[in-house]
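Take a look at the structure below.
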Amino acid sequence: MAMQLDRVKMPELDPDTRTSSYAEAVLGYSRKLAVEEALRCIDCKTKPCTYGCPALTRAPEYIQAIAEGDFDQSLAIALETYPIPGTLGRTCFHPCEDVCVVGIKGEPVAICSLKRAAFDHGKWPKIEKPAPTGKSVGVVGGGPAGLQVAYDLIRKGHAVTVYEALPILGGMMTVGIPAYRLPRDVVQKELDKLREWGVDLVTDWRLGEGDFTLDNLLGKHDAVFLGVGCHAPKSIRVEGEDLPGVTHAVEWLRKLELGEPYDLEGKRIVIIGGGSTAMDVSRNSLRLGAKSVHIVYRRGRRQMTAAPEEIVQARDEKIRFLLMANPTRILPDDGGHVKFVECVQMELGPPDASGRKRPEPIPHSEFLLAADEVILAVGQNPSPIKQHVEDRVAMTRWGDVQVDEQCRTSDPRVYAAGDIALGPSSIIEAVAHARRAAASMHADLMADA
Ligand SMILES: Cc1cc2nc3c(=O)[nH]c(=O)nc-3n(C[C@H](O)[C@H](O)[C@H](O)COP(=O)(O)OP(=O)(O)OC[C@H]3O[C@@H](n4cnc5c(N)ncnc54)[C@H](O)[C@@H]3O)c2cc1C
Ligand code: SF4
(Lines give C-alpha, C1' and ligand atoms only; values in the text may rest on other atoms or scores of the structure.)
(Ligands and ions follow the chains in the order given, each with its own letter.)
Protein backbone atom coordinates (compact mmCIF):
# COMPACT_ATOMS: atom_id res chain seq x y z
CA MET A 1 0.00 0.00 0.00
CA ALA A 2 1.33 3.48 -0.89
CA MET A 3 2.45 5.62 2.04
CA GLN A 4 -0.10 8.29 2.99
CA LEU A 5 1.97 11.47 2.99
CA ASP A 6 -0.64 13.79 4.52
CA ARG A 7 -1.68 13.56 8.12
CA VAL A 8 -5.33 12.93 8.95
CA LYS A 9 -6.57 16.37 10.01
CA MET A 10 -7.81 16.78 13.55
CA PRO A 11 -11.04 18.76 13.83
CA GLU A 12 -10.81 22.15 15.58
CA LEU A 13 -13.33 24.75 16.66
CA ASP A 14 -13.30 27.73 14.30
CA PRO A 15 -11.39 30.74 15.68
CA ASP A 16 -14.50 32.86 16.42
CA THR A 17 -16.19 30.08 18.38
CA ARG A 18 -13.11 29.21 20.33
CA THR A 19 -12.28 32.78 21.44
CA SER A 20 -15.79 33.18 22.83
CA SER A 21 -15.35 30.41 25.43
CA TYR A 22 -12.86 28.16 27.22
CA ALA A 23 -14.02 25.07 25.32
CA GLU A 24 -11.19 22.84 24.12
CA ALA A 25 -9.95 24.38 20.86
CA VAL A 26 -8.68 21.18 19.24
CA LEU A 27 -11.30 18.45 19.24
CA GLY A 28 -9.15 15.33 18.85
CA TYR A 29 -9.52 12.29 16.63
CA SER A 30 -12.64 10.15 16.59
CA ARG A 31 -11.91 6.41 16.81
CA LYS A 32 -12.22 6.12 13.03
CA LEU A 33 -9.86 9.01 12.28
CA ALA A 34 -7.36 7.77 14.86
CA VAL A 35 -7.23 4.31 13.23
CA GLU A 36 -6.76 5.98 9.84
CA GLU A 37 -3.86 8.08 11.17
CA ALA A 38 -2.28 5.14 13.03
CA LEU A 39 -2.26 3.18 9.76
CA ARG A 40 0.14 5.82 8.37
CA CYS A 41 2.84 4.46 10.70
CA ILE A 42 4.90 2.06 8.62
CA ASP A 43 6.23 0.34 11.76
CA CYS A 44 9.70 1.14 10.52
CA LYS A 45 12.70 -0.95 11.52
CA THR A 46 14.69 1.56 13.58
CA LYS A 47 11.75 3.27 15.32
CA PRO A 48 13.52 6.59 15.96
CA CYS A 49 10.35 8.01 17.52
CA THR A 50 11.09 6.00 20.67
CA TYR A 51 14.57 7.47 21.04
CA GLY A 52 13.39 10.93 19.97
CA CYS A 53 11.28 10.99 23.13
CA PRO A 54 13.20 11.96 26.29
CA ALA A 55 11.01 9.53 28.26
CA LEU A 56 11.48 6.71 25.69
CA THR A 57 7.72 6.44 25.15
CA ARG A 58 6.64 3.15 23.57
CA ALA A 59 5.00 5.06 20.72
CA PRO A 60 5.27 2.40 17.98
CA GLU A 61 3.43 -0.07 20.24
CA TYR A 62 0.59 2.25 21.21
CA ILE A 63 0.20 3.33 17.59
CA GLN A 64 0.01 -0.29 16.40
CA ALA A 65 -2.66 -1.03 19.02
CA ILE A 66 -4.75 1.87 17.66
CA ALA A 67 -4.17 0.64 14.10
CA GLU A 68 -5.75 -2.64 15.26
CA GLY A 69 -8.64 -0.68 16.85
CA ASP A 70 -7.56 -1.64 20.39
CA PHE A 71 -7.70 1.67 22.29
CA ASP A 72 -7.71 -0.02 25.72
CA GLN A 73 -4.41 -1.72 24.94
CA SER A 74 -3.01 1.50 23.51
CA LEU A 75 -3.82 3.39 26.73
CA ALA A 76 -2.38 0.55 28.84
CA ILE A 77 0.90 0.79 26.88
CA ALA A 78 1.13 4.58 27.31
CA LEU A 79 0.41 4.20 31.04
CA GLU A 80 3.43 1.94 31.37
CA THR A 81 5.58 5.06 30.98
CA TYR A 82 3.64 7.89 32.69
CA PRO A 83 0.38 8.63 34.50
CA ILE A 84 -0.55 11.63 32.33
CA PRO A 85 -1.14 10.42 28.73
CA GLY A 86 -4.20 12.67 28.33
CA THR A 87 -2.17 15.73 29.29
CA LEU A 88 0.83 14.81 27.16
CA GLY A 89 -1.40 13.91 24.20
CA ARG A 90 -2.65 17.51 24.23
CA THR A 91 0.40 19.53 25.23
CA CYS A 92 3.62 17.69 24.41
CA PHE A 93 6.06 19.45 22.07
CA HIS A 94 6.48 15.95 20.52
CA PRO A 95 10.20 15.77 19.65
CA CYS A 96 9.40 12.18 18.55
CA GLU A 97 7.57 13.54 15.49
CA ASP A 98 10.67 15.44 14.33
CA VAL A 99 12.44 12.11 13.76
CA CYS A 100 9.56 9.99 12.45
CA VAL A 101 10.64 8.38 9.16
CA VAL A 102 7.28 9.12 7.52
CA GLY A 103 8.27 12.77 7.97
CA ILE A 104 11.13 12.37 5.49
CA LYS A 105 8.77 12.35 2.53
CA GLY A 106 5.53 13.60 4.03
CA GLU A 107 4.04 14.76 7.31
CA PRO A 108 5.23 12.75 10.33
CA VAL A 109 2.73 10.43 12.02
CA ALA A 110 0.65 12.38 14.58
CA ILE A 111 2.27 10.42 17.42
CA CYS A 112 1.22 12.91 20.09
CA SER A 113 -2.42 13.20 19.02
CA LEU A 114 -2.66 9.41 18.83
CA LYS A 115 -1.68 9.26 22.50
CA ARG A 116 -4.54 11.66 23.15
CA ALA A 117 -6.85 9.32 21.21
CA ALA A 118 -5.71 6.40 23.42
CA PHE A 119 -6.69 8.48 26.47
CA ASP A 120 -9.96 9.77 24.95
CA HIS A 121 -11.23 6.38 23.73
CA GLY A 122 -9.43 3.77 25.87
CA LYS A 123 -10.55 2.18 29.15
CA TRP A 124 -8.09 2.37 32.06
CA PRO A 125 -6.58 -0.98 33.00
CA LYS A 126 -7.37 -2.48 36.39
CA ILE A 127 -4.96 -1.36 39.10
CA GLU A 128 -2.90 -4.23 40.51
CA LYS A 129 -1.23 -2.99 43.69
CA PRO A 130 2.19 -4.45 44.54
CA ALA A 131 3.14 -5.74 48.01
CA PRO A 132 4.15 -2.83 50.30
CA THR A 133 7.89 -2.39 50.86
CA GLY A 134 7.43 -0.57 54.17
CA LYS A 135 9.33 2.44 52.80
CA SER A 136 7.84 5.89 52.57
CA VAL A 137 8.60 8.84 50.30
CA GLY A 138 7.67 12.54 50.50
CA VAL A 139 7.33 14.36 47.19
CA VAL A 140 7.39 18.16 47.29
CA GLY A 141 5.54 19.71 44.33
CA GLY A 142 2.50 18.34 42.51
CA GLY A 143 3.57 19.10 38.92
CA PRO A 144 4.47 16.55 36.24
CA ALA A 145 7.84 15.74 37.85
CA GLY A 146 6.37 15.14 41.31
CA LEU A 147 3.42 13.15 39.97
CA GLN A 148 5.74 10.99 37.87
CA VAL A 149 7.92 10.13 40.86
CA ALA A 150 4.80 9.36 42.88
CA TYR A 151 3.49 7.06 40.12
CA ASP A 152 6.78 5.21 39.60
CA LEU A 153 7.32 4.66 43.33
CA ILE A 154 3.76 3.70 44.32
CA ARG A 155 3.92 1.00 41.63
CA LYS A 156 7.03 -0.36 43.35
CA GLY A 157 5.15 -0.70 46.65
CA HIS A 158 6.46 2.39 48.49
CA ALA A 159 4.05 4.67 50.40
CA VAL A 160 3.97 8.11 48.70
CA THR A 161 2.69 11.50 49.89
CA VAL A 162 2.75 14.48 47.52
CA TYR A 163 2.92 17.91 49.21
CA GLU A 164 1.71 20.78 47.02
CA ALA A 165 1.89 24.48 47.97
CA LEU A 166 -1.19 25.58 46.04
CA PRO A 167 -4.81 24.59 46.63
CA ILE A 168 -4.77 22.76 43.27
CA LEU A 169 -2.47 20.08 41.89
CA GLY A 170 -0.86 19.79 38.48
CA GLY A 171 1.84 22.49 38.55
CA MET A 172 2.14 24.31 35.23
CA MET A 173 -0.32 21.81 33.71
CA THR A 174 -3.08 23.65 35.60
CA VAL A 175 -1.68 27.00 36.74
CA GLY A 176 0.15 27.63 33.45
CA ILE A 177 -1.49 25.88 30.50
CA PRO A 178 -5.02 27.24 29.92
CA ALA A 179 -8.11 25.04 30.01
CA TYR A 180 -8.87 25.54 26.28
CA ARG A 181 -5.62 23.62 25.59
CA LEU A 182 -5.88 21.19 28.49
CA PRO A 183 -9.38 20.71 29.91
CA ARG A 184 -9.26 20.33 33.67
CA ASP A 185 -11.32 17.13 33.69
CA VAL A 186 -8.43 15.45 31.83
CA VAL A 187 -5.96 16.35 34.60
CA GLN A 188 -8.59 15.47 37.21
CA LYS A 189 -8.98 11.97 35.79
CA GLU A 190 -5.21 11.46 35.87
CA LEU A 191 -5.05 12.68 39.49
CA ASP A 192 -8.00 10.46 40.49
CA LYS A 193 -6.13 7.43 39.12
CA LEU A 194 -3.06 8.36 41.19
CA ARG A 195 -5.34 8.49 44.26
CA GLU A 196 -6.73 5.06 43.33
CA TRP A 197 -3.18 3.73 43.27
CA GLY A 198 -2.92 4.99 46.86
CA VAL A 199 -0.89 8.20 46.45
CA ASP A 200 -1.74 10.65 49.25
CA LEU A 201 -2.15 14.07 47.62
CA VAL A 202 -1.87 16.96 50.09
CA THR A 203 -2.52 20.58 49.03
CA ASP A 204 -1.87 23.98 50.71
CA TRP A 205 1.46 22.67 52.03
CA ARG A 206 4.36 24.96 51.15
CA LEU A 207 7.93 23.89 51.90
CA GLY A 208 9.49 26.61 54.06
CA GLU A 209 6.27 27.75 55.74
CA GLY A 210 5.97 27.13 59.50
CA ASP A 211 6.66 23.48 60.36
CA PHE A 212 6.79 22.49 56.71
CA THR A 213 10.55 21.96 56.63
CA LEU A 214 12.89 19.56 54.89
CA ASP A 215 14.07 18.27 58.28
CA ASN A 216 10.50 17.42 59.28
CA LEU A 217 9.91 15.63 55.99
CA LEU A 218 13.09 13.62 56.42
CA GLY A 219 11.90 12.70 59.93
CA LYS A 220 8.67 11.35 58.46
CA HIS A 221 9.87 9.71 55.23
CA ASP A 222 12.77 7.53 54.14
CA ALA A 223 13.47 9.77 51.14
CA VAL A 224 12.32 13.14 49.82
CA PHE A 225 11.93 14.36 46.24
CA LEU A 226 12.00 18.06 45.33
CA GLY A 227 9.98 18.93 42.22
CA VAL A 228 8.98 22.53 42.87
CA GLY A 229 9.53 23.85 39.35
CA CYS A 230 10.17 27.45 38.26
CA HIS A 231 7.36 29.69 39.47
CA ALA A 232 9.20 32.94 40.23
CA PRO A 233 8.87 35.83 37.75
CA LYS A 234 11.77 36.92 35.59
CA SER A 235 12.51 40.60 35.14
CA ILE A 236 12.97 42.30 31.75
CA ARG A 237 15.01 45.05 33.43
CA VAL A 238 13.34 48.04 31.81
CA GLU A 239 12.11 51.25 33.37
CA GLY A 240 8.43 51.03 34.35
CA GLU A 241 8.37 47.27 34.91
CA ASP A 242 6.86 47.79 38.37
CA LEU A 243 4.05 50.13 37.29
CA PRO A 244 0.46 49.22 38.14
CA GLY A 245 -0.96 47.40 35.13
CA VAL A 246 2.27 45.48 34.45
CA THR A 247 2.20 41.80 35.51
CA HIS A 248 4.40 38.75 35.09
CA ALA A 249 2.78 36.00 33.05
CA VAL A 250 3.26 33.10 35.47
CA GLU A 251 1.65 35.13 38.28
CA TRP A 252 -1.14 36.30 35.98
CA LEU A 253 -1.92 32.75 34.83
CA ARG A 254 -1.76 31.33 38.36
CA LYS A 255 -4.18 33.95 39.71
CA LEU A 256 -6.54 33.36 36.80
CA GLU A 257 -6.64 29.62 37.54
CA LEU A 258 -7.11 30.25 41.24
CA GLY A 259 -10.20 32.34 40.49
CA GLU A 260 -9.04 35.98 40.28
CA PRO A 261 -11.83 37.82 38.44
CA TYR A 262 -10.04 39.45 35.50
CA ASP A 263 -12.05 41.88 33.43
CA LEU A 264 -10.23 42.77 30.22
CA GLU A 265 -13.37 43.91 28.38
CA GLY A 266 -12.36 46.53 25.80
CA LYS A 267 -8.73 46.68 26.97
CA ARG A 268 -5.55 46.81 24.88
CA ILE A 269 -3.13 44.15 26.08
CA VAL A 270 0.57 44.08 25.23
CA ILE A 271 2.53 40.91 25.86
CA ILE A 272 6.32 40.73 25.83
CA GLY A 273 7.88 37.39 24.81
CA GLY A 274 7.75 34.74 22.09
CA GLY A 275 7.31 31.41 23.89
CA SER A 276 4.46 29.16 24.84
CA THR A 277 3.67 31.35 27.85
CA ALA A 278 3.24 34.42 25.62
CA MET A 279 0.77 32.47 23.44
CA ASP A 280 -1.13 31.33 26.52
CA VAL A 281 -1.54 34.80 28.07
CA SER A 282 -2.42 36.35 24.71
CA ARG A 283 -5.09 33.80 23.82
CA ASN A 284 -6.43 33.92 27.38
CA SER A 285 -6.68 37.72 27.15
CA LEU A 286 -8.88 37.44 24.07
CA ARG A 287 -11.17 35.01 25.86
CA LEU A 288 -11.44 37.49 28.74
CA GLY A 289 -12.73 40.20 26.40
CA ALA A 290 -9.59 42.16 25.40
CA LYS A 291 -10.14 44.60 22.52
CA SER A 292 -6.68 44.01 21.06
CA VAL A 293 -3.70 41.84 21.91
CA HIS A 294 -0.17 42.53 20.65
CA ILE A 295 2.79 40.24 21.15
CA VAL A 296 6.14 42.04 21.09
CA TYR A 297 9.10 39.77 20.38
CA ARG A 298 12.70 40.74 19.74
CA ARG A 299 13.48 38.07 17.16
CA GLY A 300 11.67 36.76 14.08
CA ARG A 301 8.82 34.29 13.74
CA ARG A 302 11.12 31.33 13.13
CA GLN A 303 13.03 32.01 16.34
CA MET A 304 9.87 31.97 18.48
CA THR A 305 10.06 29.12 20.96
CA ALA A 306 6.30 28.50 21.10
CA ALA A 307 5.12 25.39 19.25
CA PRO A 308 4.29 26.17 15.58
CA GLU A 309 0.67 25.04 16.04
CA GLU A 310 0.22 27.46 18.96
CA ILE A 311 1.54 30.33 16.85
CA VAL A 312 -0.86 29.46 14.02
CA GLN A 313 -3.78 29.20 16.43
CA ALA A 314 -2.89 32.56 18.02
CA ARG A 315 -2.60 34.17 14.58
CA ASP A 316 -5.95 32.72 13.49
CA GLU A 317 -7.51 34.16 16.64
CA LYS A 318 -6.25 37.61 15.49
CA ILE A 319 -3.44 38.12 17.96
CA ARG A 320 -1.08 40.65 16.38
CA PHE A 321 2.63 39.94 16.27
CA LEU A 322 5.16 42.77 16.44
CA LEU A 323 8.32 40.88 15.58
CA MET A 324 11.90 42.20 15.66
CA ALA A 325 10.85 44.71 18.32
CA ASN A 326 11.94 45.07 21.95
CA PRO A 327 10.56 47.14 24.85
CA THR A 328 12.83 49.94 26.05
CA ARG A 329 10.55 51.64 28.62
CA ILE A 330 7.06 51.27 30.03
CA LEU A 331 5.42 54.65 30.49
CA PRO A 332 2.62 55.69 32.90
CA ASP A 333 -0.43 57.96 32.51
CA ASP A 334 -0.99 60.90 34.88
CA GLY A 335 -2.41 58.54 37.52
CA GLY A 336 0.72 56.35 37.41
CA HIS A 337 -0.95 53.41 35.58
CA VAL A 338 0.70 51.95 32.50
CA LYS A 339 -0.16 53.85 29.29
CA PHE A 340 2.46 53.05 26.64
CA VAL A 341 5.19 50.56 25.91
CA GLU A 342 8.09 52.21 24.16
CA CYS A 343 9.69 49.73 21.76
CA VAL A 344 12.67 49.81 19.47
CA GLN A 345 12.97 47.96 16.18
CA MET A 346 15.60 45.26 16.02
CA GLU A 347 17.76 43.70 13.34
CA LEU A 348 19.80 40.51 13.45
CA GLY A 349 23.50 41.07 14.11
CA PRO A 350 26.38 38.57 14.21
CA PRO A 351 25.82 35.19 15.94
CA ASP A 352 26.26 35.03 19.74
CA ALA A 353 27.90 32.22 21.77
CA SER A 354 24.88 29.93 21.10
CA GLY A 355 25.34 30.36 17.33
CA ARG A 356 22.04 32.25 17.00
CA LYS A 357 22.15 35.68 15.41
CA ARG A 358 21.85 38.25 18.17
CA PRO A 359 19.07 40.84 17.72
CA GLU A 360 20.38 44.41 18.00
CA PRO A 361 18.42 47.68 18.25
CA ILE A 362 18.18 49.87 15.15
CA PRO A 363 19.20 53.37 16.28
CA HIS A 364 16.39 55.99 16.44
CA SER A 365 13.67 53.49 15.56
CA GLU A 366 11.69 53.83 18.82
CA PHE A 367 7.88 53.83 18.67
CA LEU A 368 5.04 53.87 21.22
CA LEU A 369 2.44 51.15 21.64
CA ALA A 370 -0.69 52.05 23.65
CA ALA A 371 -1.42 49.59 26.46
CA ASP A 372 -4.00 49.25 29.23
CA GLU A 373 -2.20 46.18 30.58
CA VAL A 374 1.25 44.75 29.94
CA ILE A 375 2.11 41.12 30.62
CA LEU A 376 5.74 40.00 30.73
CA ALA A 377 6.23 36.48 29.39
CA VAL A 378 9.99 36.25 29.23
CA GLY A 379 10.60 33.12 31.28
CA GLN A 380 10.63 32.10 34.91
CA ASN A 381 13.15 31.69 37.72
CA PRO A 382 13.36 28.72 40.11
CA SER A 383 10.70 28.54 42.84
CA PRO A 384 12.27 30.19 45.92
CA ILE A 385 13.21 27.25 48.15
CA LYS A 386 16.95 28.01 48.34
CA GLN A 387 16.92 29.50 51.83
CA HIS A 388 14.85 26.58 53.16
CA VAL A 389 17.00 23.73 51.90
CA GLU A 390 20.53 24.94 51.25
CA ASP A 391 21.87 23.87 54.64
CA ARG A 392 21.31 20.28 53.45
CA VAL A 393 21.13 20.46 49.66
CA ALA A 394 23.64 22.15 47.33
CA MET A 395 21.99 24.80 45.14
CA THR A 396 23.29 26.90 42.26
CA ARG A 397 23.60 30.63 42.81
CA TRP A 398 20.47 31.08 40.69
CA GLY A 399 18.40 28.85 42.98
CA ASP A 400 18.28 25.57 41.02
CA VAL A 401 18.85 22.34 42.93
CA GLN A 402 22.14 20.72 41.94
CA VAL A 403 21.74 17.07 40.95
CA ASP A 404 23.98 14.42 39.44
CA GLU A 405 23.10 12.33 36.36
CA GLN A 406 20.85 10.13 38.50
CA CYS A 407 19.04 13.08 40.11
CA ARG A 408 20.72 12.62 43.49
CA THR A 409 21.44 15.83 45.44
CA SER A 410 24.25 16.45 47.91
CA ASP A 411 22.03 14.94 50.66
CA PRO A 412 21.88 11.14 50.30
CA ARG A 413 18.13 11.03 51.08
CA VAL A 414 17.05 13.96 48.90
CA TYR A 415 16.50 13.84 45.13
CA ALA A 416 15.30 16.44 42.63
CA ALA A 417 14.16 16.64 39.00
CA GLY A 418 12.10 18.66 36.56
CA ASP A 419 12.31 22.42 36.13
CA ILE A 420 13.87 23.08 39.56
CA ALA A 421 16.93 21.12 38.43
CA LEU A 422 16.81 21.58 34.64
CA GLY A 423 15.56 25.17 34.41
CA PRO A 424 12.27 25.86 32.55
CA SER A 425 11.83 22.91 30.18
CA SER A 426 8.79 20.93 29.10
CA ILE A 427 6.42 18.38 30.52
CA ILE A 428 8.03 15.44 28.74
CA GLU A 429 11.52 16.51 29.85
CA ALA A 430 10.32 16.89 33.44
CA VAL A 431 8.69 13.45 33.21
CA ALA A 432 11.82 11.84 31.75
CA HIS A 433 14.04 13.45 34.39
CA ALA A 434 11.66 12.41 37.18
CA ARG A 435 11.67 8.81 35.92
CA ARG A 436 15.42 8.80 36.42
CA ALA A 437 15.01 10.23 39.94
CA ALA A 438 12.41 7.58 40.82
CA ALA A 439 14.70 4.80 39.57
CA SER A 440 17.54 6.09 41.80
CA MET A 441 15.21 6.47 44.77
CA HIS A 442 13.90 2.93 44.38
CA ALA A 443 17.40 1.49 44.04
CA ASP A 444 18.64 3.36 47.14
CA LEU A 445 15.55 2.50 49.21
CA MET A 446 15.83 -1.18 48.38
CA ALA A 447 19.59 -1.19 49.02
CA ASP A 448 18.75 -0.05 52.57
CA ALA A 449 15.95 -2.60 53.00
C1 LIG B 1 2.40 29.09 30.64
C2 LIG B 1 3.18 27.83 30.39
C3 LIG B 1 2.80 26.99 29.38
C4 LIG B 1 3.50 25.81 29.13
N5 LIG B 1 3.08 25.01 28.12
C6 LIG B 1 3.71 23.83 27.92
C7 LIG B 1 3.26 22.94 26.92
O8 LIG B 1 2.29 23.20 26.21
N9 LIG B 1 3.91 21.75 26.77
C10 LIG B 1 4.98 21.41 27.55
O11 LIG B 1 5.52 20.33 27.38
N12 LIG B 1 5.45 22.26 28.49
C13 LIG B 1 4.83 23.45 28.72
N14 LIG B 1 5.29 24.29 29.69
C15 LIG B 1 6.43 23.88 30.52
C16 LIG B 1 6.00 22.81 31.53
O17 LIG B 1 4.73 23.10 32.03
C18 LIG B 1 7.02 22.65 32.63
O19 LIG B 1 8.29 22.43 32.07
C20 LIG B 1 6.65 21.48 33.57
O21 LIG B 1 5.37 21.66 34.12
C22 LIG B 1 7.69 21.33 34.67
O23 LIG B 1 7.26 20.33 35.57
P24 LIG B 1 7.74 20.36 37.11
O25 LIG B 1 6.94 19.29 37.80
O26 LIG B 1 9.20 20.33 37.17
O27 LIG B 1 7.29 21.79 37.66
P28 LIG B 1 5.86 22.48 37.78
O29 LIG B 1 4.91 22.01 36.76
O30 LIG B 1 6.16 23.91 37.82
O31 LIG B 1 5.34 21.99 39.19
C32 LIG B 1 5.97 22.38 40.39
C33 LIG B 1 4.96 22.33 41.52
O34 LIG B 1 5.62 22.60 42.76
C35 LIG B 1 4.82 23.47 43.54
N36 LIG B 1 5.66 24.21 44.48
C37 LIG B 1 6.45 25.29 44.25
N38 LIG B 1 7.05 25.68 45.39
C39 LIG B 1 6.64 24.81 46.36
C40 LIG B 1 6.92 24.69 47.75
N41 LIG B 1 7.75 25.55 48.37
N42 LIG B 1 6.32 23.71 48.46
C43 LIG B 1 5.47 22.82 47.83
N44 LIG B 1 5.18 22.89 46.51
C45 LIG B 1 5.77 23.87 45.78
C46 LIG B 1 4.17 24.38 42.50
O47 LIG B 1 3.02 25.02 43.01
C48 LIG B 1 3.85 23.37 41.38
O49 LIG B 1 2.60 22.77 41.57
C50 LIG B 1 4.61 25.48 29.94
C51 LIG B 1 5.02 26.34 30.96
C52 LIG B 1 4.32 27.51 31.20
C53 LIG B 1 4.77 28.43 32.28
S1 SF4 C 1 9.29 6.60 13.45
FE2 SF4 C 1 7.27 7.00 12.55
S3 SF4 C 1 6.98 5.27 11.14
FE4 SF4 C 1 8.64 4.66 12.52
S5 SF4 C 1 7.59 3.53 14.16
FE6 SF4 C 1 7.75 5.68 14.83
S7 SF4 C 1 5.78 6.58 14.19
FE8 SF4 C 1 6.00 4.65 13.04
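Points to keep in mind about this one:
- Excluding the site residues themselves, the longest part of the chain lacking any GluC sites (Glu not before Pro) in a DSSP loop with at most 10 other Cβ atoms within 10 Å is 266-404.
- In summary, the convex hull built on the alpha carbon positions of segment 108-163 has an orientation-averaged projected area of 5.2 nm².
- In sequence order, segment 329-343 has phi-based couplings of 8, 10, 10, x, 8, 5, x, x, 7, 4, 10, 9, 10, 8, 10 Hz under the Karplus curve 6.51 cos²θ - 1.76 cosθ + 1.60, θ = phi - 60°, and Gly or Pro positions carry x.
- FRET E, pair residue 129, residue 200, Förster distance 22 Å, beta-carbon r, rounded to 0.05: 0.95
- Remark: spin-label model distance residue 105-residue 366 equals 5.7 nm, labels positioned 7 Å along the Cα→Cβ axis.
- Kirkwood's formula applied to the C-alpha pairs of segment 76-202 gives a hydrodynamic radius of 15.6 angstrom.
- Inter-part distance where segment 34-106 and segment 220-268 are each reduced to a Cα centre, Å: 34
- Dimensions of segment 134-249 based on its C-alpha atoms, expressed as ranges along the principal axes with the largest first, amount to 56, 35, 18 Å.
- Net length gained if the chain between residue 405 and residue 262 were fully extended (0.36 nm per residue, minus Cα distance): 47.2 nm
- Amide hydrogen neighbours beyond the local backbone of residue 139, cut-off 5 Å, H modeled: 161, 162, 163, 225
- The charge dipole of segment 15-121, taken about the Cα centre with unit charges on the Cβ atoms of Lys, Arg (+1) and Asp, Glu (-1), comes to about 160 debye, rounded to the nearest 20.
- Surface share of carbon and sulfur [accessible, 1.4 angstrom probe, percent] for segment 1-88: 56
- 3J(HN,Hα) along segment 99-115: 10, 5, 5, 4, x, 5, 9, x, 7, x, 4, 7, 4, 5, 5, 6, 5 Hz, from the Karplus curve 6.51 cos²θ - 1.76 cosθ + 1.60 with θ = phi - 60°, whole Hz, x for Gly and Pro.
- Positive end of the dipole of the chain (Cβ unit charges, origin at the Cα centre): among 264, 275, 219, the Cα lying farthest that way belongs to 275.
- Share of carbon and sulfur in the accessible heavy-atom surface of segment 233-380 [1.4 Å probe, %]: 48
- Two-site label geometry, residue 238 and residue 220: point separation in nm, points 7 Å out along Cα→Cβ: 4.5
- Using the Cβ of residue 391 as centre and a radius below 13 Å, the other residues enclosed give a net charge of -1, where K and R count +1 and D and E count -1.
- Solvent-accessible area per residue, Å², over the chain with all protein chains present [probe radius 1.4 Å]: 45
- Debye equation applied to the C-alpha atoms of segment 15-121, log10 I(q)/I(0) at 0.11, 0.13, 0.16, 0.18 Å⁻¹: -0.32, -0.44, -0.66, -0.81
- Amide H contacts of residue 296 (H built 1.01 Å from N, under 5 Å, at least 5 apart or other chain): 271, 272, 273, 322
- Heavy-atom accessible area order for 10, 3, 279, largest first, 1.4 Å probe: 3, 10, 279
- Exposure rank, largest accessible area first [19, 305; 1.4 Å]: 305, 19
- Considering every alpha-carbon pair of segment 233-380, the percent of pairs per 10 Å bin, from zero through the bin containing the longest distance, is 12, 42, 37, 9, 1.
- Since only 348, 60, 289 are under comparison, the one whose Cα sits farthest along the positive direction of the charge dipole of the chain, derived from C-beta charges on Lys, Arg, Asp and Glu, is 60.
- The chain gives an Rg/Rh value of 0.98, both radii derived from C-alpha positions and Rh following Kirkwood.
- Backbone geometry of segment 4-14 corresponds, through the Karplus equation with coefficients 6.51, -1.76 and 1.60 at θ = phi - 60°, to 3J(HN,Hα) couplings of 7, 7, 9, 5, 5, 6, 8, x, 10, 5, 6 Hz, x marking Gly and Pro.
- Extension gain, residue 23-residue 50: 0.36 nm per intervening residue step, less the Cα-Cα distance, totals 6.5 nm.
- Segment 30-77: trypsin sites (Lys or Arg not before Pro) falling in loop per DSSP and having at most 11 other Cβ within 10 Å: 45
- Mean sequence separation of contacting Cα pairs (under 8 Å, at least six apart), scaled by the length of the chain, corresponds to a relative contact order of 15 percent.
- Residues whose amide H falls under 5 Å from that of residue 7, counting only those 5 or more places apart or on a different chain, are 107, with hydrogens built in the peptide plane.
The values are calculated or read from the model by the stated rules, or taken from the named source; none is laboratory data. Given the structure is predicted, the values throughout are model-derived calculations rather than measurements. Neighbour counts run over all protein chains shown; Cβ positions are idealised from the backbone, glycine included. Accessible surface areas use protein heavy atoms only, side chains included; no ligands, DNA or RNA. Shrake-Rupley method; radii C 1.70, N 1.55, O 1.52, S 1.80 Å.
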